[in-house]
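To keep things clear, I will list the structure first and then write my remarks on it.
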Amino acid sequence: MWYLKLILISLFAIVLYQDFKSRMVYWFLYPIIGILAFTIQSNAVPLSVAFVNFAFNLLFVLFLLAVTSIYIKFKNLDFKNTIGIGDVLFFLFIAASFSIVSFWILFVFSLIFSLLLHLILSNKKDPSTVPLAGYMSLFFGVVYIVSFCYNDTFLFAY
């Protein structure tokens with residue numbers, strides 16, 4: 001299983017690099033991340049629990065995207081200039097990664113981390129766009145590295 005973990009962390013690094021450098025990430029990396037994360041989770045918990053976790057996490061992400069789209073429509077903003085399709089894909093596929101409560105907490109903290117990191121680095125890059133999927137990849141990559149150094153079921157069990 002260690003090789004799947006290494007591949008997953010490497011994919012997070014690739015997403016970070018591509019998103020930070022050119023704001024464009026190969027779309028097929030997101031499903032691979034989701035499949036690997038789900039495989040790792042289903043190795044730590046029963047498959048039925050992993051599917052329930054994924055379903056609730058996906059509902060959470062869809063709810064956040066719905067609220068975001070309502071806000072964008074209310075403010076008369078352009079959806080394409082507000083959130084990228086890569087960010088949406090990252091949100092959807094990272095939902096397969098952790099147990100429900102762990103994911104919700106990590107997802108919110110990854111957004112806060114992304115905001116803080118962007119504010120710190122914004123004077124060096126174009127502040128009009130945010131490499132959100134890249135910043136979140138960095139956050140989740142670090143979380144995976146830390147979780148792999150400890151008990152594998154720590155973040156995956158309910």
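The values are calculated or read from the model by the stated rules, or taken from the named source; none is laboratory data. Quantities reported herein were computed from a predicted structural model and do not represent experimental measurements. Neighbour counts are summed over all protein chains in view; Cβ atoms, including those assigned to glycine, are modelled from backbone coordinates with ideal geometry. Calculation scope for accessible area: heavy atoms of the full protein, side chains included, ligands and nucleic acids excluded. Shrake-Rupley method; radii C 1.70, N 1.55, O 1.52, S 1.80 Å.
Could you give the dipole magnitude of the chain about its Cα centre, charging the beta-carbon of Lys and Arg +1 and that of Asp and Glu -1, in debye to the nearest 20? Please list the in-between numbers first.
Details: 8 positive and 5 negative charges, 62 e Å.
Result for the chain is approximately 300 debye, rounded to the nearest 20.
Considering lysine pairs in the chain that are 8 or more places apart or on different chains, how many have Cα atoms under 20 Å apart? Mind dumping the intermediate values first?
Working: LYS21/LYS80; LYS21/LYS124; LYS21/LYS125; LYS80/LYS125.
Value for the chain: 4.
Just check the range 1-121 against the gyration tensor rule for me: Cα atoms, a ≥ b ≥ c as the square roots of the eigenvalues, rounded for a/c under 1.5, and otherwise prolate or oblate depending on whether a/b exceeds b/c. List each step's numbers first, then the result.
Values: a/c = 1.99, a/b = 1.33, b/c = 1.49.
Since a/c reaches 1.5 but b/c is at least a/b, the shape of the range 1-121 is classed as oblate.
Among LEU59, LEU121, LEU92, which one shows the biggest mean-square fluctuation in a GNM of the chain, springs joining Cα atoms closer than 10 Å?
LEU121
Per residue, how many Å² of accessible area does the chain show with a 1.4 Å probe?
On the way: 9120 Å² over 158 residues.
The answer is 58 Å² per residue.
Apply the Karplus parameterisation 6.51 cos²θ - 1.76 cosθ + 1.60, with θ equal to phi minus 60°, to every residue of the range 87-94 and state each ³J(HN,Hα) to the nearest whole Hz, in sequence, with x for glycine and proline.
3J(HN,Hα) across the range 87-94, in whole Hz: 5, 4, 4, 4, 4, 5, 7, 6.
Need one word for the range 13-70: rounded, prolate or oblate. Basis is the Cα gyration tensor (sqrt eigenvalues a ≥ b ≥ c); a/c below 1.5 gives rounded, then a/b vs b/c decides. Working shown, then result.
Details: a/c = 3.49, a/b = 1.28, b/c = 2.74.
Since a/c reaches 1.5 but b/c is at least a/b, the shape of the range 13-70 is classed as oblate.
Projected onto the charge dipole of the chain (+1 at Lys/Arg Cβ, -1 at Asp/Glu Cβ, origin at the Cα centre), which of PHE103, THR82, ILE14 gives the Cα projection farthest towards the positive end?
Projecting each Cα onto the dipole axis, the largest value belongs to THR82.
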